[in-house]
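Report on the structure given below.
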């Protein structure tokens, strides 16, 4: 066996179908593409949300409301959750970095402490925002709150 007499294995190659080479080929006429129009042409690409002449859904459904570009999204931490989290992750300080390391928030989240529930331990908080009720409860329990930007 040498390079000049190598052949593919028997049955591994197939003869290509000759499309659009006359009626006698069995694949002439419309060349297996249906009828005329854009879809039978090369390079056809349908538009996103095109519904074939029917009014598209984004025009049938009315617009409602608006999105406030100045809104600040916060991850919320209630006072009722703090004792459980402190016990589970052995935390005494609730800072963005500590919570990120333990996988409780993502790196760029803002954190706000709310006053739902009760706090029993003495904890330090370094968060982006805190409600008045939560701040009063934390300081009454002997903890401290620091607001960071």
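The values are calculated or read from the model by the stated rules, or taken from the named source; none is laboratory data. None of the values given here were measured: they were computed from a predicted structure. With ideal geometry, Cβ positions are generated from the backbone for all residues, glycine too; neighbour counts draw on all protein chains shown.
If the Cβ limit is 7 Å and pairs must be 6+ apart or interchain, which residue in region 66-79 that is part of a loop (DSSP other than H, G, I, E, B) pairs with which residue that is at pLDDT 95 or above?
Close Cβ pairs (under 7 Å, with a partner that is at pLDDT 95 or above) amount to 72/110; 73/110; 74/110; 74/111; 74/112; 74/128; 74/129.
Say whether the condition of being in contact with a strand residue (DSSP E or B) (Cβ under 7 Å, 6 or more places away or on another chain) and farther than 30 Å from residue 19 by Cα is met by at least one residue in region 59-74. Outline the logic, then answer.
Narrowing region 59-74 to residues in contact with a strand residue (DSSP E or B) (Cβ under 7 Å, 6 or more places away or on another chain): 74.
In the following step, the residues that additionally are farther than 30 Å from residue 19 by Cα were identified as 74.
Scanning region 59-74 turns up at least one residue that is in contact with a strand residue (DSSP E or B) (Cβ under 7 Å, 6 or more places away or on another chain) and farther than 30 Å from residue 19 by Cα.
Which one of these is out of contact with any strand residue (DSSP E or B) (no Cβ under 6 Å at 6 or more places or on another chain), in contact (Cβ under 8 Å) with a residue 12 or more places away in the chain and assigned to a loop (DSSP other than H, G, I, E, B): 118, 51?
Details: 51 fails: in contact (Cβ under 8 Å) with a residue 12 or more places away in the chain.
So the residue among 118, 51 that is out of contact with any strand residue (DSSP E or B) (no Cβ under 6 Å at 6 or more places or on another chain), in contact (Cβ under 8 Å) with a residue 12 or more places away in the chain and assigned to a loop (DSSP other than H, G, I, E, B) is 118.
Report, by residue number, each residue of region 32-83 that is closer than 30 Å to residue 128 by Cβ and surrounded by 10 or more Cβ atoms within 10 Å (Cβ to Cβ).
Those that are closer than 30 Å to residue 128 by Cβ and surrounded by 10 or more Cβ atoms within 10 Å (Cβ to Cβ): 74, 75, 76, 77, 78, 79, 80, 81, 82, 83.
Could you tell me which of the residues 134, 86 is surrounded by 15 or more Cβ atoms within 10 Å (Cβ to Cβ), assigned to a helix (DSSP H, G or I) and touching a helix residue (DSSP H, G or I) at 6+ places or on another chain (Cβ under 9 Å)? Let's see the steps before the verdict.
Numbers: 86 fails: touching a helix residue (DSSP H, G or I) at 6+ places or on another chain (Cβ under 9 Å).
Result of the check over 134, 86: 134.
Give just the number: which of (1) closer than 22 Å to residue 128 by Cα; (2) under 29 Å from the mean Cα position of the chain (by Cα) does residue 88 not satisfy?
(1)
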